[in-house]
1. Sort Y127, Y175 by heavy-atom solvent-accessible area, probe 1.4 angstrom, most to least.
2. Hey, can you rank 52-60, 39-47, 145-153 by average C-beta count inside 10 Å, highest first?
3. If you look at just the Cα atoms of region 27-123, how large are its Rg and its Dmax in Å?
4. If you take the square roots of the eigenvalues of the alpha-carbon gyration tensor of the chain and sort them as a ≥ b ≥ c, do you get rounded (a/c under 1.5), prolate (a/b over b/c) or oblate?
5. State, to one decimal in nm, how far the label point of I111 lies from the label point of L66, with both points 7 Å from Cα in the Cβ direction.
6. Taking 0.36 nm per residue of sequence separation and subtracting the Cα-Cα distance, how much length would be gained by fully extending the chain between L101 and V12, in nm to one decimal?
7. Is the C-alpha gyration tensor of region 104-183 telling us rounded, prolate or oblate? Criteria: a/c under 1.5 is rounded; beyond that, a/b larger than b/c is prolate, otherwise oblate.
8. If you fit an axis through the alpha-carbon atoms of helix 118-135 and take the longest principal axis of the Cα set of the chain, what angle between them do you get, 0 to 90°, nearest 10?
Amino acid sequence: MAKKRLIKQQLVVLKTFVFIACLMPFMFIIWETVFNQLGADPIQTLHFRTGDWALRFLFITLSMTLLQRFFHSPIPMRFRRMLGLFAFFYASLHVLVWLVLDQSLSMENMIKDVPQSPYIMVGLLAYFMLIPLAVTSTSGMMRLLGHSWFTLHKMIYPVALLGVLHFFWLTKLDYSEPFIYLAILLVLLAFRVALTRRGSSVKQRV
Ligand code: HEM
C-alpha cells in the first residue's frame, strides 16, 4: 500500500516536471517576442517556432507506444494524453499566428489565400483532424466511446503524415528536415503495424 502511494507521488512529481518542460518552448517564444528576438521576419519566425513544436510534440506523442514496448513499462503511456494536448496547443498557436498576424482575421483574405496555397489546405486538414482527438482526450470520453475511442485516436497517424506533407510542400530548398520526419514516421508506422499483427495473431491462437 505504502509502495503504491510512493509510486503515485513520484508519478505526480514526474508529470509536473514534464508539464513544465513542455511549456518551455512556449515561454521561450514569449521571451523572444517580448524582447524583440524574432529576427527580420517575426511572423515567419513565429510560424516556424510554433509549427516545429506542434510537429515535434505529435511525434513525441506517437513514440510513447514504442517506448512502452521497448522498456516494458506502462509509464510512457501515462504521459501520452498530456503530450498530445501539447501538440494541439502548439498547433493552435500556429493557426492563431496565421489567423491573426497573417490574415488579420479577415475572411476575405482567407478565401483568397487558402485555395492558392495547397500547404495551407493540408495544414488546415491536419488541424481539423486534431480537434476531435483533443476534445475526446478525457477519461470520461474514453469510457463513453469505448472501443471507438481507440479507432478514433489512431487518426493521430494520418495527422502526423499530413503535418509532414505540409512541411514538404512549404519547403523551398533544403528538404532534409521533412525527410527526417518522414523516416521517423515510417519507422513508427512499421512498428504500429507489427504490433497490430502480433495482437491479431495472439487473438487467433487464443
Ligand atoms: C497539425 C497541423 C500543423 C503542423 C504540424 C504544422 C507544422 C508546420 C511546420 C513544421 C512548419 C515549418 C517550420 C519550419 O520550417 O521550421 C510550418 C510552417 C507553416 N505553417 Fe504549419 N502546421 C500545421 C498546420 C498549419 C495550418 C492549419 C496553417 C494555416 C492555416 C499553417 C500555416 C503555416 C505557415 C504559414 C507556415 C510558414 C510557411 C513559410 O513561411 O514558409 N500550418 N508548419
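The values are calculated or read from the model by the stated rules, or taken from the named source; none is laboratory data. The structure displayed is predicted, hence computed values, not measured ones. Backbone-built Cβ (ideal geometry, glycine too); neighbour counts: all protein chains shown. Accessible surface areas use protein heavy atoms only, side chains included; no ligands, DNA or RNA. Shrake-Rupley method; radii C 1.70, N 1.55, O 1.52, S 1.80 Å.
1. Details: Y127 40, Y175 90 Å².
Accessible-area ranking of Y127, Y175, largest first: Y175, Y127.
2. Put in order of decreasing packing, that is 52-60, 39-47, 145-153.
3. Radius of gyration, then largest Cα-Cα span, for region 27-123: 16.7, 53 Å.
4. Prolate shape, in that a/c is at least 1.5 and a/b is the bigger ratio.
5. 4.4
6. Length gained, L101 through V12: 28.3 nm.
7. Oblate.
8. It is inclined by approximately 40 degrees.
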